[in-house]
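The values are calculated or read from the model by the stated rules, or taken from the named source; none is laboratory data. Please read these numbers as outputs of a predicted model, since none were measured by experiment. Cβ atoms come from the backbone with ideal geometry, glycine included; neighbour counts cover every protein chain shown.
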Amino acid sequence: MSSAQADTVDRLPLRTKFFFGIGSVGDSIILATVGSYAMLYYNQILGLNAVLAGLAVSASLVFDGFADPVIGSLSDRTRGRFGRRHGYLFLAPLPIALSVIAVFNPPPGASDLVLFLWFALSVSFMRVSISLFNTPHLALGGELSSDYIERSKVLSWNNFFTWAGGAGMNFLALHFVFKATPEYPRGLLNPEPYGPFAVGCGLAAMALLLASAWFTRDQIQRLPKAPDNLPRFSPLEFLKDVGKALGNRNYLWLLIAFFF
């Protein structure tokens, strides 16, 4: 095959790039919703001690740090009609929507301990659910084309929509959801909008994530498959995968930089 033919094969339609990028809007809506408003909601409105609220979020980040590589290892080994990635893309949107709704709808009249546990568990569930989509989704972005320029364009769409999703959600929230009222001059301190707001964000994110999975499914047949000689997932194989990743010096330095 000539280089010109290879370029033609690897060039992706705009539709695929667009709907791949749309997946990151759903992710960023949920992450921005919880990142921007959950701590304020639990501390300023529900009265949860700030230290406990911070511990709940910290616990979810630690838990998520273990979940990401496990999901990646599982996805790499997945075989089936949806390939290595799309099964997870179809599975994750509903748990993501339910998790963000749960974050902003704790049991009424709950004690500080119950609020802390609810916050920690619901945010942890949210982060793992997002990883269930985001990890295979990012891997899919690197597999849609073998051409460097096309892959860069794909991930540029993804990065743009990541920014647009978070910025757009915050604009709508601050201008239309948490508006100032005579009773609550600072609209963010009004407890009433938080529940419906979470439902709206969850449903919007679920629709966008499912659209991303559905409108990129036509690429499944041309995506790389799990090698026949690749062992099935196990704790030992997972540790081997981690060892291979950390054995890459460039990746290790990148990981250290992200940590700091």
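Can you find even one residue in segment 51-63 that is under 19 Å from Ile130 (Cβ atoms), surrounded by fewer than 16 Cβ atoms within 10 Å (Cβ to Cβ) and among the aromatic types (Phe, Trp, Tyr)? Give the steps one after another, and end with the answer.
Of segment 51-63, the ones under 19 Å from Ile130 (Cβ atoms) are 56-63.
In the following step, the residues that additionally are surrounded by fewer than 16 Cβ atoms within 10 Å (Cβ to Cβ) were identified as 58, 61-62.
Still in the list and also among the aromatic types (Phe, Trp, Tyr): none.
Looking through segment 51-63, none of the residues is under 19 Å from Ile130 (Cβ atoms), surrounded by fewer than 16 Cβ atoms within 10 Å (Cβ to Cβ) and among the aromatic types (Phe, Trp, Tyr).
Filter segment 107-131 down to the residues that are touching a residue at least 40 places away in the same chain (Cβ under 8 Å) and crowded, with 20+ Cβ neighbours inside 10 Å and list them by number.
Selection gives Leu115, Phe116, Phe119, Val123, Ser124, Met126, Arg127, Val128, Ile130, Ser131.
List the residue pairs whose Cβ atoms are under 6 Å apart, where the first residue sits in segment 194-219 and is assigned by TED's automatic domain parsing to the domain that holds Gly35, the second is of a type in the set (Gly, Ala, Ser) and part of a helix (DSSP H, G or I), and the two are 6 or more positions apart or on different chains.
As it stands, the answer is Gly202/Ala97; Ala205/Gly26; Met206/Ala97; Leu208/Gly26; Leu209/Gly23; Leu209/Gly26; Ser212/Gly23, since those pairs meet every condition given.
Would you kindly identify the helices (runs of 4 or more DSSP H) lying entirely within segment 31-143 that contain at least 1 residues that are over 20 Å from the mean Cα position of the chain (by Cα) and of a type outside the set (A, V, I, L, M, F, W, C)? Break it down stepwise before answering.
On the way: elements: 50-76, 86-91, 93-103, 112-143.
Once the helices (runs of 4 or more DSSP H) in segment 31-143 are filtered for at least 1 residues that are over 20 Å from the mean Cα position of the chain (by Cα) and of a type outside the set (A, V, I, L, M, F, W, C), what remains is 50-76, 112-143.
Given segment 148-260, what helices (runs of 4 or more DSSP H) lie entirely inside it while holding 2 or more residues that are over 29 Å from Arg79 (Cβ atoms)? Don't jump to the end; show me each part of the working.
On the way: elements: 148-172, 194-214, 235-246, 249-259.
It comes to 148-172, 194-214, 249-259.
Do we find that Ala213 is more than 20 Å from Arg84 (Cβ to Cβ), small (Gly, Ala, Ser) and at pLDDT 95 or above in this structure?
On the way: more than 20 Å from Arg84 (Cβ to Cβ): no; small (Gly, Ala, Ser): yes; at pLDDT 95 or above: yes.
It is false that Ala213 is more than 20 Å from Arg84 (Cβ to Cβ), small (Gly, Ala, Ser) and at pLDDT 95 or above.
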